Each structure stands twice: as C-alpha cells, then as structure tokens.
Amino acid sequence: MNVVEDGGARCSPKQGLKATVLISAVGFLVSFGFSLLTPVLPLYALTFGIDLAMVGTLVGSIGITKVLLDIPAGMVSDRVGTRRFMSLGLFIVAASALISAMAINYWMLLIGLILQGAGTAVYFTSSYLAVSRLCPASKRGGHLGLFVSMQFLGSTSGPLLGGLFGQSFGLGTPFLIYALLAFVSLAMVRLGIDRSLLEGRGGRLEIRQLTHSLRDRTLASINVGLLAISVIRIGLIATILPIFATRNLSLTPVEFGSILTAFSFANFVTLLPMGSLSDRLGRRPFMFSSLFITGVLCISLAFAEDAMIFAIIMIAMGAALGLTGPIGAWVSDVSRQGELGASMGLFRTMGDVGSFIGPVALTFFMPSGEGAIGAAPFIMAGLTAVAASVPLLWARDPVAERSRADKRR
C-alpha cells in the first residue's frame, strides 16, 4: 500500500482523499453558516439599542480575534493533533453561535462573536494543516484547491438564505442554524476521520518555529500576496464597490448583486482547476499572473462609465483572482519540517490582517460628501496588487523545479 507520511499523518492516498473530501464538506458547512449571518448581523446588533460605531466594533471583533489566534492555533495544532484541534474549533463555533442567538444585551453578543472568531481561527488553521498532511506533495494543490473552493462556495451561497430566514423567523434564527451546522460538522470530523491519521507530535512550542517562517523570503512573498488579495476582496470589492456602483453608475442593489454573482461564478470556475494545474506547472506562474492582472483590472474599474463595461471588468477580475488557486499549497511546499503549523498560522494571519486594514485604508481615499467615488481607492488597490506580485519573481517554487528536473530526464 502506498502511504503518505508527513508531519504526523500516515495514510494511503485513498484515505487521504476521503479525509480531504470530508474536511472540504465541513469547510463548506462552516463557511455557509457564517455567511448566513452577513445580512442580519448589523440589524440584530441594532436591536440592543446601540449606535453604528458599536456595530462596527462587533463586526470587527471577529476579525481581530482571528488575527490574534491564527498563529498560536497553527503552532498548538501541530503539537496536540489537528483532528483534536479541529473538533475544538467546531465546538467553540457552535457554542458561540448559541450564545449570540440567545444574547439579551450587547455584551453577550460581543462575547459570542469574539468566541466565534476564536473558533473559526482554530478550525480553519488546523483544517488547512490537516489537508496539507493528508495528501501526497504531488497532489497537494488539487486537494487544497477542493478545500478552498468549497469554502468559497459556502461563503457565497448563504447571504440570501440568511436574509430570508432572518426576515421570516427572527434575526436570531441564522445563528441557531449556524450552531446546528457546526454541531453536524463536529460529528462528521469525530466520526469520519481516524484519530491515528492526524496525531500530534507532542513536545514544546518553540518561538523559533515562527521566526524561521518570518525570515523565509518565499513565505514572506506569499504572505504579502495574500494580504494584497484580502485588501482587494474586502477593502475594494466588499466595501468600495457597492458605493461606487450606486453613486457612479446608478446601479440598484439587485443589479450590483447580479454582477457580484457573475464575479463569484467566474472566480469559482477558475479557482477549482488551478490546484491541479499548479501541481504540474508550479505555483508561481499562477499567483504572479493573478496579482498582476488583478491589479491592472482594479485600476481599470475606476474608469468604467457604464454597467456593461463594469460587469465585464468584474467578471475578468473574478477569473483573475481564481488563478491564485490554493495559495496554502505553496506555503506547505516551502515550509521546513516541523514548522508547517507556524507557517500556516502566519499565512492565515496575513489574510485576516488584509481583511481588517483593507476597508480602513481604502475608505481613507473616499470623498467625505455624497459625490461620486474618484479613482484613488482603485489605483491604491491596483498598485498594492501589482507591487505584491513583484517579489514572487524571486520566490522558490519546488513544484516547478521538480517539473523541470523531470523534463530533463
């Protein structure tokens, strides 16, 4: 029997694929459950008699908690076992959703959301580690591509249903559904993954695991690229574009939502196969192309003067962002033995940092009045992506190196 053995995991390719499919399904459920909350969370928070500034604090608490816990979660997961840590994360998510659903005041809701950020940080960091270890290095991109694609599908398919459930049965209902999905996911992990496949290695936690990851130029380049992508996704697309579509193009929310759906579909269509392609051709060509093309398209958006041009650029941007494929596979390729947990935690942290600073940085360039949005936020986002693509030209790409070596034989 062919066996994959890496960082504590020991399984056959068939077992690894089965576990990846299960973990990907759980990733879909958790992402779907969280996306149910998107349209109702601000409205639910306002029922406690708070002002809009406090609503922002509530929403931001989830991201801040993830930023603080991503790195520790990766390092601890390496030691205690990723299956055990995945289970802990899912339990925290379920408990936090119940606390939020039953909140009687602002502070109880805040506690629930802080715990939610903690639970998702623990679960997703450890699940990235699990998928990275349960597959052969030659198929890592394909496995992580499936995992990332299912997360993306879940995060884009829940808002409409969340709004319908909240409107029909009460604003706390999506939280209850999220709790149920988290408990189902917990049962899937506990019953569907053999404990022996993802045992912890034990030993002490050492800060040098993190310092090595911070000093590695390739890992730094990948992380800067991920930060730029997060700035564009959350800062530009989720924050600036809805206002731009209304003020500059006079689009209705439904029209903009339709364009955003087309963007998401193009993103998903290119994202899914990129994992397998990067397993054959290398990670660097796709991620560099994605960042560079996306940067150019971001700048082009500022000069879109009608809905058709805007829609075409958005669809092209969705396809370009999908070219990144499973960036986490590149992190796994270049991480040192025994340091994958710290590297993956740092990788997750950079994505969350980009999601946090993106809206703040880009809205700084927004006009203070009710006028049209200028080109400045788009140019800043575009330049950020293009600049982040440049260091990748000198980054190590073990998959591409192996591919060239095989061709020379």
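The values are calculated or read from the model by the stated rules, or taken from the named source; none is laboratory data. Just so we're clear, the structure is a prediction, and the values are computed from it rather than from any experiment. Cβ placement follows ideal geometry from the backbone for every residue including glycine, while neighbour counts extend to all protein chains displayed. These accessible areas exclude ligands, DNA and RNA; they are computed on the full protein's heavy atoms, side chains included. Shrake-Rupley method; radii C 1.70, N 1.55, O 1.52, S 1.80 Å.
To keep it simple, each residue is scored yes or no on (1) open to solvent by less than 10 Å² (accessible area, probe 1.4 Å); (2) under 30 Å from Gly282 (Cβ atoms).
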site	(1), (2)
Val59	no, no
Ala73	yes, yes
Val76	no, no
Met108	no, no
Ile111	no, no
Gly162	yes, no
Thr173	no, no
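For Met86, the conditions (1) open to solvent by 10 Å² or more (accessible area, probe 1.4 Å); (2) closer than 30 Å to Pro359 by Cα; (3) in a helix (DSSP H, G or I); (4) in contact (Cβ under 8 Å) with a residue 60 or more places away in the chain all hold with the exception of (1). Checked against (1) assigned to a helix (DSSP H, G or I); (2) surrounded by 14 or more Cβ atoms within 10 Å (Cβ to Cβ); (3) at pLDDT 75 or above, Ser168 passes all but a single condition, namely (2).
Filtering the stretch 94-110 to residues that are in a helix (DSSP H, G or I), over 23 Å from the mean Cα position of the chain (by Cα) and either at pLDDT 90 or above or on the phi > 0 side of the Ramachandran plot (or both) leaves Leu98, Ile99, Ala101, Trp107, Met108, Leu109.
Helices (runs of 4 or more DSSP H) fully within the stretch 254-347 that include at least 1 residues being out of contact with any helix residue (DSSP H, G or I) (no Cβ under 8 Å at 6 or more places or on another chain): 307-322.
Within the stretch 368-392, if we keep just the residues that are without any contact (Cβ under 8 Å) to a residue 24 or more places away in the chain and under 24 Å from the mean Cα position of the chain (by Cα), the residue that is nearest to Ser289 (Cα to Cα) turns out to be Val390. Just one residue in the set Thr239, Thr324, Thr246, Thr261 is at pLDDT below 90, polar (S, T, N, Q) and touching a Pro at 6+ places or on another chain (Cβ under 7 Å); that residue is Thr239. Among the residues of the stretch 253-275, those that are hydroxyl-bearing (Ser, Thr, Tyr) and farther than 10 Å from Gly325 by Cα comprise Ser258, Thr261, Ser264. Taken over the stretch 152-165, residues that are in a helix (DSSP H, G or I) and under 24 Å from Ile327 (Cβ atoms) amount to 6.
Among the residues of the stretch 350-381, those that are in contact with a Gly (Cβ under 7 Å, 6 or more places away or on another chain) and closer than 10 Å to Val231 by Cα comprise Asp352, Ser355, Phe356, Gly358, Pro359, Ala361, Leu362, Ala381. Against the numbered list (1) modelled with pLDDT of 85 or more; (2) farther than 27 Å from Phe165 by Cβ; (3) among the β-branched types (Val, Ile, Thr), Val26 comes up short only at (2). Within the stretch 327-346, the set of residues being modelled with pLDDT under 80 and open to solvent by 10 Å² or more (accessible area, probe 1.4 Å) comprises Arg336, Gln337, Gly338, Glu339, Leu340.
Considering Ile293, Ile309, which residue is open to solvent by 40 Å² or more (accessible area, probe 1.4 Å) and under 25 Å from Arg404 (Cβ atoms)?
On the way: Ile309 fails: under 25 Å from Arg404 (Cβ atoms).
That would be Ile293, the only listed residue that is open to solvent by 40 Å² or more (accessible area, probe 1.4 Å) and under 25 Å from Arg404 (Cβ atoms).
Only residues that are within 24 Å of Gly145 (Cα to Cα), open to solvent by 50 Å² or more (accessible area, probe 1.4 Å) and over 17 Å from the mean Cα position of the chain (by Cα) were counted across the stretch 244-268, and they come to 2. Take the stretch 75-96 and flag every residue that is touching a Leu at 6+ places or on another chain (Cβ under 7 Å) and small (Gly, Ala, Ser). Once the filter is applied, which keeps residues that are touching a Leu at 6+ places or on another chain (Cβ under 7 Å) and small (Gly, Ala, Ser), the stretch 75-96 yields Ser77, Gly81, Ser87, Ala94, Ala95, Ser96. Taking only the stretch 175-196 into account, find how many residues are touching a Lys or Arg at 6+ places or on another chain (Cβ under 7 Å) and open to solvent by less than 30 Å² (accessible area, probe 1.4 Å). Going through the stretch 175-196 one residue at a time, the tally reaches 2.
One residue stands out among those in the stretch 351-380 that are in a helix (DSSP H, G or I) and β-branched (Val, Ile, Thr): the one that is most open to solvent (accessible area, probe 1.4 Å), which is Val360.
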